[in-house]
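Here the structure is laid out as structure tokens; the discussion comes afterwards.
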Amino acid sequence: MKVVVCGASGLIGTALRERLAERGHQVVQLVRREPSDPDQVRWDPARRRLDVSALEGVEAAVNLSGAGVGDQRWTPAYQREVLASRTEPTRTLAEALARLEPRPRVLVQGSAIGVYGHRGEEVLTEASAPGSTFLADVVLDWEAAARPAQDAGIRTAFARTGLVMAPGAGAFGKLLPLLRLGLGGPLGDGRQWWSWITLEDEVSALVHLLETDVEGPVDLTGPAPVRNAELTRALGRAFGRPTLLPVPRLALRAVVGGFADEILASQRVLPTVLQRSGFRFAHEDADAAARWLADAA
């Protein structure tokens, strides 16, 4: 297929672009700078500018655009950026796809399990109600911005991604240096449920959503969520490092501000729709995922 990818230079986007090329798909990247490659198309989502003719022949789209929620302290200005960096590209892309003739078959729209908020011991699936946190509101607005594509009859799957286990970036990219120093203990009391997925399975799941007739919300998390303390111990075993020293809530807040509340949130999410659609995980439990991360780091 000819697939347009937004956010193709990020952690997940880079790995996805490589996987799609390996599978023989042609990848068109949307970029905000002057294109340096024939398969790049310039756009300005903040001004809702995208030349629809440049997308001629596109059969599928993956939208992973969005500022990292943990990249900076949560000032009011950065919270506005977190929202706008998701809704503006999504709306711009969805409107452009809806104007194409013929229309693409599918849009895989980035999303997040943050939509569920803080839920303690509750088991969560795609059928669960949304939460009432800042990130929950962001995700609801983010998904709603794709409505033009849905209204145009384009199959739209919302990839509600969990905590991506990957070296060098994301939440685990910040955790691994501490782990290597023997400082990677449980966060807070360690009892919060963490719904993780390895980068390898994340990319495989995105490709699966492109190629399989699935639509609506889809949780992209591993099949066996665990408490933070258990995942921390699995990482310690894989890396051969102690994980005894807990990281207090106040220390987290001093480093990342309001995002600490999200790190300490409990979300026990199951990938019900993904598994029912026939997806098979390469890493089904925390120990397998931790070993993969140690090998990849």
Inset, instruction - Could you state the angle between the C-alpha long axis of helix 76-99 and the longest principal axis of the C-alpha atoms of the chain, as a value from 0 to 90 degrees rounded to the nearest 10? - result: 30
Legend entry - When the convex hull of its Cα atoms is projected in every direction, mean area for the range 6-96 (nm²): 6.3
Inset, instruction - Go ahead and estimate [θ] at 222 nm for the chain from helices alone: -39,500 (n - 2.57) per DSSP H run with n ≥ 4, summed, over the residue count, rounded to 500. - result: -12000 deg cm²/dmol
Legend entry - Contour excess over end-to-end distance, with Cα ends at GLU284 and ALA169 and 0.36 nm allotted per residue: 39.2 nm
Inset, instruction - List, largest first, the extents of the alpha carbons of the range 92-162 along their principal axes, each in whole Å. - result: 47, 20, 17
Inset, instruction - From the C-alpha gyration tensor of the range 258-297, pull out the three semi-axes of the equivalent ellipsoid (sqrt of 5λ each), sorted largest to smallest, in whole Å. - result: 23, 19, 8
Legend entry - the range 109-146 versus the range 73-102: alpha-carbon centroid distance in Å: 17
Inset, instruction - Taking the chain as the reference, fit the longest principal axis to its C-alpha atoms, fit the long axis of helix 11-22 to the helix C-alpha atoms, and give the angle between the two in degrees, 0 to 90, nearest 10. - result: 60
Legend entry - Rg in Å to one decimal, and Dmax rounded to a whole Å, for the range 55-136 via C-alpha atoms: 15.7, 47
Inset, instruction - Multiply the residue separation of SER277 and SER36 by 0.36 nm, subtract the distance between their alpha-carbon atoms, and state the gained length in nm to one decimal. - result: 83.0 nm
Legend entry - Mean accessible surface per residue for the chain, computed with a 1.4 Å probe while every protein chain stays in place, in Å²: 44
Inset, instruction - With a bin width of 10 angstrom, please list the P(r) values of the chain as percents of all Cα-Cα pairs, from the 0 bin to the one holding the largest distance. - result: 6, 28, 36, 22, 7, 1
Legend entry - Dmax and Rg, reported as Rg then Dmax, of the range 11-162 (C-alpha, Å): 16.1, 50
Legend entry - Apportionment of accessible area to carbon and sulfur, the chain, percent (1.4 Å): 50
Inset, instruction - At 7 Å along the Cα-to-beta-carbon direction for both THR125 and LYS2, put a label point, then send me their distance in nm to one decimal. - result: 3.9
Legend entry - With 10 Å bins from 0: P(r) over the range 84-207, alpha-carbon pairs, percent: 12, 33, 34, 15, 5, 1
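The values are calculated or read from the model by the stated rules, or taken from the named source; none is laboratory data. Since this is a predicted model, take the numbers as computed values, not measurements. Glycine gets a Cβ as well: all are built from the backbone with ideal geometry, and neighbour counts include every protein chain shown. Heads up: the accessible areas ignore ligands, DNA and RNA and are worked out on the full protein's heavy atoms, side chains in. Shrake-Rupley method; radii C 1.70, N 1.55, O 1.52, S 1.80 Å.
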